[in-house]
Amino acid sequence: MRKISYLLFIFLLVLFSCKRDEPIVIDDHVTTPFKLPNPRYFPTELNIPADNPMTVEGVKLGRYLYYDGRLNGRFHCDSMQSCYSCHQQERGFVSKNSSGKGIGVKGIISPHTVMPHVNLVYRSEPTFAWAGGLATLEDVVKIVFSLDFEFATTHEIAVETINSISIYPPMFKDAFGTEEITIDRIAKAIAQFVRTMISYNSRFDQFVRHEINLTPAEIRGYELFMSEKADCFHCHGEPALLTGSLFMNNAKDSLFAGDDDRFSVTGDPADYGKYFTPSLRNVALRNAFMHDGRFKSLEEVIDHYSHGLVNSPYVDPLMKYVAFGGTQLTESEKADLLAFLNTFTDDQFINNPDFSKPPDLKTGCPD
Ligand code: HEC
Ligand code: HEC
């Protein structure tokens, strides 16, 4: 008998320690926990706010809202706009425009290139956008509505519009327990969806996991990337994210207006010319590079680091070759580095149906 109750005790202990699979209860409403993939060599710490746990219902709602052009509070085909209009899955969630910039509903061009949605759930510091300054993904979603170069509307109009579309109130009930639609709930659902966008199956990942070998040129590129010779790893070398997630000045200019860089947020002169170091995942799918899109090809980017560096007192000390104008790679080294950058393209990620427009979402307008 003692043995049985001991076993029962163990059984109950195991049962109650399996928290991960337990339903998540939000205001007495039962939802299903969403399981993120847990690729090894990825950070274990996730950037998920305590008041917005990931649920299957929330992610589903977020996916519909993300792709619904009526989210900007308009019903006419020529003035609707969704997140997808600037963040396109086939491009790794950046814009397909040749400038790399977004064009808002009023035709105003965004001051900066569109940033990709990739592995944002691992962003350790609460800093979003090129200059930082936005603390959470939920904050980013909320600001999209009011920006003139994005949705150019108000939260009230957006909430009213979504509320008037019959599919949504029941989906809010599933996700949050009641049919009430608020801007906070809209932002939470979309942020949940964006947090599911994890890329971990590029050829580079398969190589890291010893599943495939790279070509000799790609291997040579990898060795350059990871060594002082090409000097990329200091800032982009972290294998899961391909960014150290810091703000850096990578020696492009000598004069700084300080109006759109990290300085514009912190007011610290040490931050002149610093921008967020972007992830290089799916980088080959971009049309324009850097916050201002000044480089139009990866070849131009490599030329910049190789012999285009501009010195100033604000250049990051990790730009070790700035005094020499760059790392001075040979043509064949540049070709090898380019071949390696191409291994970051994740075909599974850009074709994953879970990240695409829900097939039954009908807005009555083309995408
Ligand atoms: C008109 C184009 C446009 C639309 C529409 C748009 N975005 Fe963006 N997005 C951008 C641009 C441009 C940036 C870079 C902003 C900057 O720092 O200047 C950006 C940045 C972001 C970032 C920051 C990524 C990072 O790494 O810090 C997130 C997240 C994001 N957008 C999510 C969304 C979501 C969600 C929607 C829909 C609610 C949306 N965007 C709609 C153009 C757009
Ligand atoms: C000192 C840190 C640092 C080093 C070293 C560095 N980078 Fe960067 N990289 C950055 C920053 C910061 C940006 C964004 C700058 C901006 O937007 O103005 C960037 C941007 C890029 C971009 C553009 C990505 C995009 O989405 O627009 C590419 C590609 C790139 N780097 C590749 C490399 C390669 C290849 C190397 C090695 C040859 C390298 N970087 C070395 C910090 C660095």
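Values quoted throughout were computed directly from the atomic coordinates according to the rules given, and no laboratory measurement underlies them. The shown structure was predicted, so the numbers you read here are calculated from the model rather than taken from an experiment. We place every Cβ from the backbone using ideal geometry, glycine too, and count neighbours over all the protein chains shown.
Observations, loosely collected:
- Distance between modelled label sites at TYR41 and ASP347, nm, 7 Å Cα→Cβ extension: 2.0
- Shape analysis of segment 293-367 yields a ratio of the Cα radius of gyration to the Kirkwood radius, Rg/Rh, of 1.24.
- Taking a ≥ b ≥ c as the square roots of the eigenvalues of the Cα gyration tensor, an a/c ratio of 1.5 or more together with a/b no larger than b/c marks segment 20-198 as oblate.
- For the chain, alpha-carbon Rg over 2.2 N^0.38 Å: 1.10
- Note, ³J(HN,Hα) from phi for segment 85-100, Karplus 6.51, -1.76, 1.60, rounded to Hz, x at Gly and Pro: 4, 10, 10, 9, 4, 5, 9, x, 6, 10, 7, 7, 4, 5, 6, x
- Proximal aspartates and glutamates relative to LYS357, as straight alpha-carbon distance under 13 Å, when same-chain residues fewer than 8 apart are discounted: ASP68, GLU90, ASP367
- Centre-to-centre separation between the Cα atoms of segment 227-303 and those of segment 337-365: 24 Å.
- Gap separating the Cα centres of segment 76-153 and segment 159-175, nearest whole Å: 23
- Label-to-label distance, nm, for residues given as ALA50 and ASN213 (7 Å Cα→Cβ offset): 5.1
- If R0 equals 45 Å, the separation of the Cβ atoms of ASP354 and ALA323 corresponds to a calculated FRET efficiency of about 0.40.
- Short-range pairs are left out: with C-alpha atoms under 8 Å and at least six residues apart, the relative contact order of the chain is 20 percent.
- The stretch between ILE108 and SER332 holds 76.5 nm of extra length on full extension. This uses 0.36 nm per residue minus the Cα-Cα distance.
- Cα-based Lys pair tally, segment 203-348, threshold under 18 Å, eight or more apart or on separate chains: 8
- Farthest toward the positive end of the dipole of segment 148-241, out of SER164, THR153, THR178, is the Cα of THR178, where the dipole comes from beta carbon charges about the Cα centre.
- Residue-by-residue Karplus 3J(HN,Hα) for segment 348-364, coefficients 6.51, -1.76, 1.60, Hz, glycine and proline x: 5, 5, 6, 10, 5, x, 5, 9, 9, 4, x, x, 8, 7, 10, 9, x
- Sparse packing (at most 14 other Cβ atoms within 10 Å of the Cβ) combined with a DSSP loop state is found for the following trypsin sites (Lys or Arg not before Pro) in segment 48-129: LYS96, LYS106.
- Here the Karplus relation 6.51 cos²θ - 1.76 cosθ + 1.60, evaluated at θ = phi - 60°, turns the backbone of segment 69-83 into coupling constants of x, 7, 4, 7, x, 10, 10, 7, 3, 7, 10, 7, 7, 10, 4 Hz, with x for every Gly and Pro.
- Of all the options GLN88, GLN328, GLN348, the one that moves most in a Gaussian network model of the chain with Cα springs shorter than 10 angstrom is GLN348.
- Annotation: amide H of CYS365 has no partner in the under-5 Å range at sequence separation 5 or more or interchain, hydrogens built in the peptide plane.
- Residues with amide H under 5 Å from that of ILE26, placed H, sequence gap 5 or more: THR31
- The dipole here belongs to the chain: it is taken about the Cα centre, uses +1 on the Cβ of Lys and Arg and -1 on the Cβ of Asp and Glu, and is about 760 debye.
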